């Protein structure tokens, strides 16, 4: 897990500007259901001037995930709400810092110096050290899983701030999923898949196991594909349902959830017979990679119903 020490030289966290930024962050955290008064906020907006205090210094008490985003970035608008939701759910285990790269050129330049060329980009900052974490958007279950794996790695390497919320406040893992999570942390997809299948054999309607299994199957399919070629071929041959399902997999795995759903709904609309059924069934399989309360899932189901009837 590569890391680096860093700071923004000349950063100032004094005066009305910093106080106003902190007040905005605390109001935002309370609205998101953050930690009670006196604890860490769930989400903070960070500027070139407040970065050292809001991120670097705070990271010595609690890990901070830094979300580099911009208003014009579509995938950022997908990933941002997911991160904010998970930060609120963490109840102080970690803090999310939001950096608008257009409004903060110094931080944007630092991101480029790290070799990052695209957003959304998320870095983890722990004890003043930066750990590149996520590049690109992803569905909520994958983001949640990535964060769990990050904290497992931080615990193994003894990098968590001593006595901080991340050390003391982490929830106990559900033992039913321990085998699957351990396999995922090792990168052993086959073992994780078998573990989820074992859960479903005993409890066929277990939503979390269904979601985990669907995510693994999606990853297995995408790993066999040349993503750029599949997308180009699918756009050139809209009537080829097999290509449309592969392209939807690529989009789903890269966090372009709504685009994947729209692609398959369009395939359902313009096909008939077996082809239409193939597109429909594949879309249903992608639905299973998202938690039931994901608003994109609700929208996708409505679009599919409209296309069918």
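The values are calculated or read from the model by the stated rules, or taken from the named source; none is laboratory data. Treat the numbers as computed from the prediction; the structure is a model and nothing was measured. Here Cβ is always computed from backbone atoms with ideal geometry, including for glycine, and neighbour counts include all displayed protein chains.
Within the stretch 115-129, the set of residues being surrounded by fewer than 22 Cβ atoms within 10 Å (Cβ to Cβ) and touching a residue at least 60 places away in the same chain (Cβ under 8 Å) comprises 127, 128, 129. Can you confirm whether the stretch 40-48 contains a residue that is at pLDDT below 85 and assigned to a loop (DSSP other than H, G, I, E, B)? Within the stretch 40-48, one or more residues are at pLDDT below 85 and assigned to a loop (DSSP other than H, G, I, E, B). Taking the stretch 121-132 as the range and being modelled with pLDDT of 90 or more and within 16 Å of residue 99 (Cβ to Cβ) as the test, the residues that pass are 121, 122, 123, 124, 125.
The criterion of being in a helix (DSSP H, G or I), within 19 Å of residue 208 (Cβ to Cβ), in the same structural domain as residue 237 (by TED's automatic domain parsing) and touching a helix residue (DSSP H, G or I) at 6+ places or on another chain (Cβ under 6 Å) holds for residue 296.
Taking the conditions exactly as written (under 22 Å from residue 135 (Cβ atoms), without any contact (Cβ under 8 Å) to a residue 60 or more places away in the chain, buried (at least 22 other Cβ atoms within 10 Å of the Cβ) and outside the structural domain of residue 304 (by TED's automatic domain parsing)), does residue 189 satisfy them or not? So residue 189 does not fit the description; no. The set of residues from the stretch 268-287 being crowded, with 18+ Cβ neighbours inside 10 Å and not in a helix (DSSP H, G or I) comprises just one member, 271.
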